[in-house]
1. Applying a 10 Å radius around every beta-carbon, put 155-165, 126-136 in order of their mean neighbour count, most first.
2. Just want to confirm a number: the relative contact order over the chain, from Cα pairs under 8 angstrom separated by 6+ residues, in percent.
3. Ratio of Rg to Rh for the chain, alpha carbon only, Kirkwood?
4. Percent relative contact order of the stretch 181-334, based on C-alpha pairs within less than 8 angstrom and at least six residues apart?
5. Note down the net charge around ASN227, summing +1 for each Lys or Arg and -1 for each Asp or Glu among other residues with Cβ under 13 Å from its Cβ.
6. If the limit is 20 Å between Cα atoms, which of LYS169/LYS234; LYS176/LYS243; LYS13/LYS61 go over it?
7. Using a 1.4 Å probe, how large is the accessible area of VAL249, given in Å² and rounded to the nearest 10?
8. Note the per residue figure in Å³ for the convex hull of the C-alpha positions in the stretch 253-293.
Amino acid sequence: MSTYRDCNDDNCKMTRLKICYFMRYWIVTFPAEFNLDLGLIQITEEFREVAAQLGSEEHFKLIDISAIPSYDWMRKLTQRKKQAKKGKASLLFDHLEPVELAEHLTFLEFKSIRRISFTDYQSYVIHGCLVENPTLERSIALFNGISQWVQLMVLSKLTPQTRAEVITKYIHVAQKLLHLQNFNTLMAVVGGLSHSSICRLKETHAYLAPEVLKIWNEMTELVSSNNNYSNYRKAFNQCCGFKIPILGVHLKDLIAVHVVFPDWVSDSSMVNLVKMHQLYMTFNELVSLQSVVSQVEPNMDLIYLLTLSLDLYYTEDEIYELSLLREPRNPKSQ
């Protein structure tokens, strides 16, 4: 704003116009921030007053934020009662087809991740943690809840054959999630099935069909961390339309750029444009979800049941103990 107000060179008029077009681009690209960030709203209004005082009606109109739609829904997190740990993993999902589960998990994921604002991401990058960041914390908790829930669904079955059937089902759920271009929940499901409590079930895995194992290998390779998630990045960049990124991968990208690149060019008062561009590319990918329309029409009764099941809490040790109960380390000695 000071650059705009104090400009007095020969190209002053053009410089001021460029600044206003930059502001307009910012408003159009990230409208939610101009609805949610009170500090940014105040600065923008002060900017408009300066433009009005300098007599430029065109500039005044370019930085108008009065027509931005309300993003009030992003401020309001639904309040959940904390579930006591323990409780039975719901078996009410046995009759559902993989595509139904994938669609409803995608609805929950989309609902959670689209609430995360630019300010939430910015806070995480600056502080490196989830302090006073309930929206982002809720999204990460959902990811972990899905991963744990998948493990419990497998371990709820008493025989190796029935456990293999559940693993097969969730491998197909992962496949459907890929078709829906929901990479975040896909990562959570693959993480659950790759957990040590499931991987150690040799009797169970012996019942998996070769074609199922082939799909499983494709899914694990897709979200593998090899070469900085190169397979995932390639697949994600090739997707068009509705898509949900792997949140953890992009959060690491933001922190890496913030740490590696300085804010200012050395020995200069110029902003580091390389860093700004790198941050913009990632921020834009994440924040653009706020304006996307959901592709799923959910059954809200099923959403409610899923939410209850995903909120169940078990420790890592408890899940592993359940795994040992299903398939002891040394069956002959039991």
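The values are calculated or read from the model by the stated rules, or taken from the named source; none is laboratory data. All of these numbers come straight from a predicted model, not from anything done at the bench. Glycine also receives a Cβ, built like all others from the backbone with ideal geometry; neighbour counts cover every protein chain displayed. For the accessible areas, the whole protein counts, side chains as well, though only heavy atoms, and no ligand, DNA or RNA atoms are used. Shrake-Rupley method; radii C 1.70, N 1.55, O 1.52, S 1.80 Å.
1. 155-165, 126-136
2. Reported as a whole number, the value is 21 percent.
3. Taking Rh as the inverse mean 1/r over Cα pairs, Rg/Rh reads 1.07.
4. Value for the stretch 181-334: 27 percent.
5. Value of the local net charge: +1.
6. LYS169/LYS234
7. That residue has around 0 Å² of solvent-accessible surface.
8. About 61 Å³ per residue, rounded to a whole number.
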